[in-house]
Amino acid sequence: MTAASEQQLGDPASVDDLEWAVRLLAATPTHEGRDRELLRQWARRADEFGSRLAPVPSTARVVERRDGLERMLLARYTSRPPTVELYTDTIALAEELVHARGWRAWYPPGSVRAAALAHEAAHAHLHHGPAKAALRQALDHTVLRLGRHRLAGHVAGAEEVAAHAYARTVCGLGRSPLLLTAALRAELPRPGREN
């Protein structure tokens, strides 16, 4: 392991937001072996798309739960019926991490919850209506071309990158929630991993 890799493990803030988005895409099934520059291009386009989305109201019912740490979840959107599950134990841990790591300037008090709600509102917005097709067009991933006609393909993980960028923008965060997600992932025990 290189010294830079060790530093990044100890300080996830040393990795920029775009690189966290690239890593998210690289870790998404179907992207094994994809060119890193292509993933970076998709990550940048998804981030730009999400940051340009106009604020969307959430009409989903919000349910608070306390089993996020064991599920490794901060929040989750389900479409039937439209519901946002907020995991208050994970949100509390995220707030503790923000304080302990000195990231309060990036994530003001209460912003973790607000970002989780905004992130899930973006998922709901991208799940219904024309925004999903617009994201595909923005990514410019062609899966089929017939003459002048082309079919834009789905890029697994791009919606997640866009939702994080949306939350960062509408909540006025200094860094993407992807950084906070990475820090949480490092803190949470995984099944089968010794602590």
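Give the Rg (one decimal place) followed by the Dmax (whole number) of the chain, computed from C-alpha coordinates and expressed in Å.
Cα radius of gyration and Dmax of the chain are 17.2, 56 Å respectively.
R0 = 30 Å: FRET efficiency of THR88 with ALA133, Cβ-based, nearest 0.05? Please report the intermediate quantities before stating the final value.
Values: r = 35 Å, r/R0 = 1.15.
Efficiency computed from Cβ-Cβ geometry: 0.30.
Search the structure for amide H atoms under 5 Å from the amide H of VAL62, placed 1.01 Å from N in the peptide plane, and list their residues when 5 or more places away or on another chain.
The answer is VAL84.
Please give, to one decimal in nm, the separation of the simple spin-label points placed at ARG65 and ARG104, each 7 Å out from Cα toward the Cβ.
3.2
How would you rank 114-121, 50-57, highest first, on the average number of other Cβ atoms within 10 Å across their residues? Write down the numbers at each step before the final one.
Values: 114-121: 23.8, 50-57: 15.0.
Ranking the peptides 114-121, 50-57 by packing returns 114-121, 50-57.
Would you kindly state how much longer the chain becomes between ASP11 and SER51 on full extension, computed as 0.36 nm times their sequence separation minus their alpha carbon distance, in nm to one decimal? Before the final figure, lay out each step's value.
Numbers: separation 40, 0.36 × 40 = 14.40 nm, distance 2.50 nm.
Gain on stretching ASP11 to SER51: 11.9 nm.
What is the spin-label model distance, in nm, from HIS154 to GLU37 if the labels are put 7 Å beyond Cα along the C-beta direction?
Between HIS154 and GLU37, the simple spin-label model gives 2.9 nm.
Coordinate-derived values only; no laboratory data. Given the structure is predicted, the values throughout are model-derived calculations rather than measurements. Glycine also receives a Cβ, built like all others from the backbone with ideal geometry; neighbour counts cover every protein chain displayed.
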